[in-house]
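Only one structure is covered here, and it is reproduced in the block below.
The values are calculated or read from the model by the stated rules, or taken from the named source; none is laboratory data. Here the structure is a predicted model, which is why all the values come from computation and not from measurement. Every residue, glycine among them, receives a Cβ derived from its backbone with ideal geometry; neighbour counts consider all protein chains shown. For the accessible areas, the whole protein counts, side chains as well, though only heavy atoms, and no ligand, DNA or RNA atoms are used. Shrake-Rupley method; radii C 1.70, N 1.55, O 1.52, S 1.80 Å.
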Amino acid sequence: MSRAIYIQLGVASVIRLALMISSHKQTIANRVEVSTLLNSWKRVTEGVSLYQHGISPYAGDVFHETPIALWTFNIMVTHFPSLIGIIFILCDMMTGVILYMTARLYMKEMETKQNEEKASYAEGVSELLLTENDFKLAPTYVLSAYLFNPYNIVNCVGYTTTTFGNLCLSCLFLSMIKGYRIPSCVALALTVYQSFYTVVLIAPVCIYLARHDRSTTVSVLLTLTTFLSTLSVIFCISYLIVGDWAFLNSVYVVILTVPDLRPNIGLFWYFFTEMFEHFRLLFIFSFQLNATLLYLAPLSLRFHSNPMLLATSLTALIAVFKSYPCLGDVGFYLSLLPMWKHLYNSKAVVPDMQQSFIILCSLVITSVLGPTVWHLWIYSRSANANFYFGVTLAFATAQIFLITDVLFAYIKREFTLIKGIINVEDKNKMKLLLE
């Protein structure tokens with residue numbers, strides 16, 4: 001890594017440390033956009049305290065972390081209480097570095113693919129091709145987007161356990177693109193163990209690993225077997241730690257049934273607050289299918305040739321539609337988007353991403369309005385839940401527009417490379433005929 005990267009890591013660490021020792025740390029940690037019942041450090045300390053006193057932390061409705069996380073946090077709180085902030089910062093820096101390495105490998109893959117397919121491209125599409133500068137700068141942009149993204153900064157400063165989840169996800173992406181089966185399955189099993197939504201990432205993992213094997217069927221079966229075996233071992237270790245299976249209800253059933261309706265940046269809480277109770281099961285199935293399996297098959301079939309884009313899209317959709325999302329989930333997938341910065345080609349005759357400005361303004365405005373409307377609702381009593389949900393709905397809508405814009409731009413660029421650029425004169429001559 002170059003000197004500039006070490007400078008970025010140093011500056012990002014100083015920013016996080018300065019906020020951690022400031023008076024704003026507790027305010028950030030208490031924000032509903034940052035901490036949820038699944039990642040709050042306050043709940044972690046309460047669960048660890050119960051565990052140390054011989055009381056099962058899963059007996060009540062306070063602790064929702066996994067047993068392995070409980071064991072790890074118990075060591076941190078007991079033996080390294082003064083270094084907890086440093087541990088969070090180090091994990092966040094590691095995540096940024098791993099994403100940087102992932103982006104480097106992906107850009108090399110893109111370069112190889114472009115060189116192999118260049119002969120089949122149409123004439124006059126040279127301005128759409130990636131340059132040497134694109135291949136070199138994209139990984140640095142990914143690192144900067146992660147280290148200096150405000151969402152990731154407040155996620156780390158607030159001591160949310162999403163920091164460790166993002167680290168596991170970054171390890172999954174790196175091992176996946178390298179084609180390492182066992183590290184990929186272990187990383188995927190750890191992410192699924194923390195939040196089962198990421199089980200959909202088995203699709204891009206299988207696609208990547210199948211590239212390195214002769215038989216696709218054997219490769220997929222071997223990957224699934226390794227993943228399920230690893231996950232089974234993790235659950236057995238969890239049982240040995242706590243001595244029963246009560247954690248299944250506190251960790252996974254809570255995510256599925258959504259019993260806690262405290263506001264967050266997601267879409268679940270408001271709908272389940274307002275609807276009639278006898279429709280609850282229908283909405284549970286509808287919302288959970290939308291967050292997991294609904295987009296898996298169509299996206300996998302369309303983007304099987306680019307499993308990294310597929311994995312990023314699925315991660316983004318999980319961050320939007322999961323039951324208890326936080327800003328750390330959003331910041332993670334936003335940090336991966338610079339790998340496709342070539343889709344925003346303002347010099348091209350046919351522009352790819354066309355909604356970038358609107359999306360950026362929407363994200364900024366909703367990020368500012370969220371805390372403002374929350375204050376008006378909770379403290380000033382001059383607003384209500386509709387105001388805050390309106391902001392979170394707009395925030396989710398902006399993310400959906402962002403995902404669809406990136407995917408559509410990718411498809412349009414692929415089509416243009418093969419068929420050629422349509423001139424303005426030819427476009428004016430086109431007619432839409434309905435038969």
Leaving out ligands, DNA and RNA, what percent of the accessible area of region 3-432 is carbon and sulfur, probe 1.4 Å? 68
At q = 0.06 Å⁻¹, what log₁₀ I(q)/I(0) does a Debye calculation on the Cα points of the chain give, no solvent, two decimals? -0.27
Among 113/178; 136/412; 108/136, the pairs whose Cα-Cα distance exceeds 18 Å are 136/412
Protection proxy ranking, peptides 147-160, 354-367, 33-46, average beta carbon neighbours within 10 Å, highest first: 147-160, 33-46, 354-367
Relative contact order %, the chain, counting alpha carbon pairs below 8 Å whose residues are six or more apart: 20
Under the Karplus curve 6.51 cos²θ - 1.76 cosθ + 1.60, θ = phi - 60°, whole-Hz ³J(HN,Hα) for region 102-110, x wherever Gly or Pro sits: 4, 5, 4, 5, 5, 5, 5, 5, 5
What whole number of Å gives the distance from the Cα centroid of region 373-415 to the Cα centroid of region 18-77? 28
Between residue 55 and residue 123, take the C-beta separation as r, use R0 = 56 Å, and let me know the FRET efficiency to the nearest 0.05. 0.20
Using the heavy atoms of the protein chains alone and a 1.4 angstrom probe, what is the accessible area of region 147-262 per residue in square angstrom? 40
